[in-house]
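Working notes, beginning with the structure itself.
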Amino acid sequence: MKLPDRYGKYGVFGGRFAPETLIPALEELEKGYKSISKDKSFREELSYLLSEYAGRPTPLYLAENFSKVIGCKVYLKREDLAFTGAHKINNTLGQVLLAKKMGKKRIIAETGAGQHGVATATASALFGMECCIYMGEVDCERQKLNVYRMKLLGSDVITVKSGSRTLKDAINEAMRDWIANFAYTHYVIGSVVGPHPYPQIVRDFQSVIGIETKRQILKKEKKLPDYLIACVGGGSNSIGLFYPFYKNRGVRFIGVEAGGKGISTSKNAATLCRGNKGVLHGSFSYILQDRYGQIKETHSVSAGLDYPGVGPEHAFYKETGRAEYTYATDKDALDGFHILSETEGIIPALEPAHAIGWVIKNKKRFKKDDIVVVCLSGRGDKDVAEVASIEGVL
């Protein structure tokens, strides 16, 4: 099966549920992407930037000390070592370069944890593009360092004070901006969400994670891994890891959502575990909604997973059984944050700390000869002050 089909569908999921005023912009983007992404000069320039500017390929690191804790071989795909500190730069370099080739003059984006915002601001500075980032007021407060980094890079940061004042509301405001200004503006969506063609575009740019991982693990182990494990918010780092292995049925995918205070409470962001089907931000997928169809407020210790929806390709993987989706609570994530730091000297971002925490909690699931790859999607510098505050250290 081709993912997506020509209508932008992943099975029944995906599509283009957007205001009529936005359809011309989406059609222009789809046409531009199909044409420009196939151009040899575009591919060569992007490849050069990913290598010489963003530092790819990132290492696939055998975490020997952590592996002893788990009882099997655990490799970390070190996206925390990509430029700007997370996997987000893979997508923003691709999209901003695409926008420039399409003749756009202005870039907008949304951000939760700030990593996508920083990566977008970075790419915009590199290409000399005007840039505006929308960020929820709650996220601005818990990610002050990233707010300053975006401003330092020359971008405007618009604080969103509506709704839950988190990622969902930042996307709402960015969408309104794009509708009004699409003639000269490109909206760089940071995850595999939104109306077609965004889930495909972001997945394609993030697939470099899985492509590299496959090549690296075959060189190191002469076989494919038994498990690929990654955190899931909107889902870009996980799809980027999973998709190149889609046809390798012996490789099991596990996506770890934000369980917050527990999935039996209202304080979580576990969309695939607790949500149901609906439309959010232009795409049909699983979402967290009440019985009237109103979007629920979410909670996670990590700003980057605090989103009430998920990419349609993940919904398709869940529906078809290709991937297993589970969750880690705030406590599990904090345990992962500390244990990886203490065993490997690697401080993970709170987002991938969910995947690390889940592996620790479920270590009895793995056999001694299993090979596990965890996507370490970002570094934890941005979260140290927040964790210290939560734990009463600062």
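The values are calculated or read from the model by the stated rules, or taken from the named source; none is laboratory data. Note that the coordinates shown come from a computational prediction; the quantities given were computed from them, not determined experimentally. Neighbour counts are summed over all protein chains in view; Cβ atoms, including those assigned to glycine, are modelled from backbone coordinates with ideal geometry. Remember, those area values only see protein heavy atoms, side chains included, never the ligands or the DNA or RNA. Shrake-Rupley method; radii C 1.70, N 1.55, O 1.52, S 1.80 Å.
Phi-derived couplings, Karplus 6.51 cos²θ - 1.76 cosθ + 1.60 at θ = phi - 60°, listed residue by residue for the stretch 178-194: 5, 4, 6, 10, 5, 4, 10, 10, 10, 9, 8, 6, x, 9, 8, 10, x Hz, with x used for Gly and Pro. Seen from Arg291, the other residues with C-beta closer than 15 Å to its C-beta sum to a net charge of +2, counting Lys and Arg as +1 and Asp and Glu as -1. Overall, the stretch 57-160 carries a charge dipole of about 340 debye about its Cα centre when +1 sits on the Cβ of Lys and Arg and -1 on the Cβ of Asp and Glu, all other atoms neutral. Annotation: extensible slack from Lys105 through Glu27 equals 26.2 nm (criterion: 0.36 nm per residue apart, minus Cα-Cα distance).
Relative to the dominant Cα principal axis of the chain, helix 88-101 is inclined by about 20°. For Leu280, list long-range residues whose amide hydrogen, built 1.01 Å from N in the peptide plane, is under 5 Å from its own amide hydrogen. Excluding prolines and chain starts, which carry no amide H, the hits are Ser285. Every pair of different Cα atoms in the stretch 278-394 enters the Kirkwood calculation, which places the hydrodynamic radius at 16.0 Å. Computed from backbone phi, the HN-Hα couplings of the stretch 251-260 come to 9, 8, 9, 10, x, 10, 8, 7, x, x Hz, rounded to whole numbers (Karplus: 6.51 cos²θ - 1.76 cosθ + 1.60, θ = phi - 60°; Gly and Pro given as x). For the stretch 244-394, give me the percentage of DSSP beta bridges that are antiparallel, rounded to the nearest 5 percent. Antiparallel: roughly 55 percent of the beta bridges in the stretch 244-394. Name the residue from Leu224, Ala174, Gly85 whose Cα lies farthest towards the positive end of the charge dipole of the stretch 82-230, charges +1 on Cβ of Lys and Arg and -1 on Cβ of Asp and Glu. Final value for the positive-end residue is Leu224. Element breakdown for the stretch 67-178 at a 1.4 angstrom probe: carbon and sulfur atoms account for 52% of the accessible area. With the simple model of a label 7 Å out from the Cα in the direction of the Cβ, Lys222 to Leu152 spans 4.7 nm.
Overall, the chain carries a charge dipole of about 1260 debye about its Cα centre when +1 sits on the Cβ of Lys and Arg and -1 on the Cβ of Asp and Glu, all other atoms neutral. Taking the 0 to 90 degree range and rounding to the nearest ten, how far is the long axis of helix 115-127 tilted relative to the main principal axis of the chain, both from C-alpha atoms? That works out to roughly 50 degrees. Once backbone amide H atoms are built at 1.01 Å from N, His196 has Gly15, Arg16, Phe17 as its partners under 5 Å, excluding neighbours fewer than 5 places away on the same chain. When you count the other C-beta atoms within 10 angstrom of each residue and take the mean per peptide, 257-270, 370-383 line up highest first as 370-383, 257-270.
Taking the Cα centre of the stretch 286-334 as reference, the dipole from Cβ charges on Lys and Arg (+1) and Asp and Glu (-1) amounts to some 100 debye. Distances between placed amide hydrogens fall under 5 Å for Ala323 paired with Lys318, all partners being 5 or more residues away or on another chain.
Stokes-Einstein diffusion for the stretch 114-265, with the hydrodynamic radius set to the Kirkwood value over Cα pairs and evaluated at 10 °C in a medium of 1.306 mPa s, equals 92 µm²/s. For the pair the stretch 178-219 / the stretch 94-111, the C-alpha centres are spaced 12 Å from each other. Taking the average, over residues, of other Cβ atoms within 10 Å as the packing measure, peptides 192-204, 7-19, 35-47 rank 192-204, 7-19, 35-47 from highest down.
Rounded to the nearest Hz, the phi-derived 3J(HN,Hα) couplings of the stretch 279-294 under the Karplus curve 6.51 cos²θ - 1.76 cosθ + 1.60 (θ = phi - 60°) are 10, 8, 6, x, 9, 8, 7, 8, 9, 9, 9, 8, 5, 9, x, 7, where x marks glycine and proline. For the Cα trace of the stretch 37-174, dividing Rg by the Kirkwood Rh returns an Rg/Rh value of 1.05.
In summary, the stretch 317-365 shows an alpha-carbon radius of gyration equal to 1.25 times the 2.2 N^0.38 Å reference for compact globular proteins.
Calculate how large, on average over all directions, the projected area of the Cα convex hull of the stretch 251-342 is; give the answer in nm² to one decimal.
Working: hull surface 26.3 nm².
Quarter of the Cα hull surface area: 6.6 nm².
Taking the Cα centroid of the stretch 324-394 and of the stretch 67-86, what is the distance between the two, rounded to the nearest whole Å? Value for the Cα centre distance between the two parts: 10 Å. Highest average first, the peptides 207-216, 147-156, 91-100 ordered by how many other beta carbon atoms sit within 10 Å of their residues are 91-100, 207-216, 147-156. Working from the Cα coordinates of the stretch 286-334, the gyration tensor eigenvalues give, after taking √(5λ), semi-axes of 20, 18, 9 Å in decreasing order.
In the neighborhood of Phe42, defined by Cβ-to-Cβ distances under 15 Å, what is the net charge if each Lys or Arg adds +1 and each Asp or Glu adds -1?
Values: positive: Lys31, Lys34, Lys38, Lys40, Arg43, Lys100, Lys101, Lys104; negative: Asp39, Glu44, Glu45, Asp204.
Net local charge, Phe42 excluded: +4.
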